[in-house]
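Right, one structure below, let's go through it.
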Amino acid sequence: MELKASFRVLGPGERPGFRSERVAAFHDYWLGLGRDGGLPPRAALDPADMRPLLPYVMIIDLEGEADFRVRYRLVGTAVAKFSGLDFTGHYLDQLDFDVCTTEDLYKAYREIRAACAPGLGIAFATLEENQVMDVEYLICPLAPEAPGDLIRQCVAIEDYMPSAGFDPHRIKLGRKTF
């Protein structure tokens, strides 16, 4: 059976059934930062308030419009370890992830920007011995500098869970670098 990644923008006030407790906790944290139902500004993010989640968090810059690019400003240590690469400071089009295609990720970031709303995705990582890990991720936009401006930054979290049939004894900890 071939696994297919998926992503969707969440509706207003929607709280989906998250698989990951970390992703659910981050969603609740992000929702609590907004004022009067609006998007939170980046300044509202306080690392001390989300200390256990920090290794799984990324801050992402959304640059341009027609020449849209995605830059990973900050990548948490767990994300870097799972990816086999600390891609802090790199652009999405410079990377080749095996979990999601570059096109799928660009589409997700564009949808977040257009909707001014968070989005939830699931992807699948094939590790050694054809073991599969589910990767649940949440991308949350941050308020633009001025009302009516484009979303220029978002914050995301991803977490890794064993897929059905996963046997932890068949793999080594961590992933190989590419």
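Inspection of region 74-95 identifies no residue that is more than 27 Å from M133 (Cβ to Cβ) and free of Cβ contacts under 8 Å to residues at least 40 places away in the same chain. Annotation: Y72 fulfils all but one of (1) of a type outside the set (A, V, I, L, M); (2) at pLDDT 95 or above; (3) not in a strand (DSSP E or B); the unmet one is (3).
Selection of region 74-87 for residues being of a type in the set (K, R) and either exposed (fewer than 14 other Cβ atoms within 10 Å of the Cβ) or in contact with a His (Cβ under 9 Å, 6 or more places away or on another chain) (or both) yields an empty set.
For E103, which of the numbered conditions (1) within 19 Å of F124 (Cβ to Cβ); (2) free of Cβ contacts under 8 Å to residues at least 24 places away in the same chain; (3) outside any helix (DSSP H, G or I) fails to hold? Unmet for E103, out of (1) within 19 Å of F124 (Cβ to Cβ); (2) free of Cβ contacts under 8 Å to residues at least 24 places away in the same chain; (3) outside any helix (DSSP H, G or I): (3). Is it the case, given these coordinates, that A24 is under 24 Å from Y160 (Cα atoms), modelled with pLDDT of 95 or more and among the aliphatic types (A, V, I, L, M)? So A24 passes the test. Checked against the criterion of being part of a strand (DSSP E or B), more than 14 Å from the chain's Cα centre (by Cα), at pLDDT 95 or above and of a type outside the set (G, A, S), region 41-63 has at least one qualifying residue.
Tell me, which residue of region 34-73 that is among the charged types (D, E, K, R) and either surrounded by 15 or more Cβ atoms within 10 Å (Cβ to Cβ) or in contact (Cβ under 8 Å) with a residue 40 or more places away in the chain (or both) is farthest from P141 (Cα to Cα)? Only one residue tops the list, namely E65. Sub-6 Å Cβ pairs linking a first residue in region 4-19 that is farther than 17 Å from G32 by Cβ to a second residue that is part of a loop (DSSP other than H, G, I, E, B) and of a type outside the set (K, R), at least 6 apart or interchain, are A5/C100; V9/A117, ordered by first then second residue.
The values are calculated or read from the model by the stated rules, or taken from the named source; none is laboratory data. The model shown is predicted, which means the values in this text are computed figures rather than measured ones. All Cβ positions, even for glycine, are placed from backbone atoms using ideal geometry, and neighbour counts span all protein chains on display.
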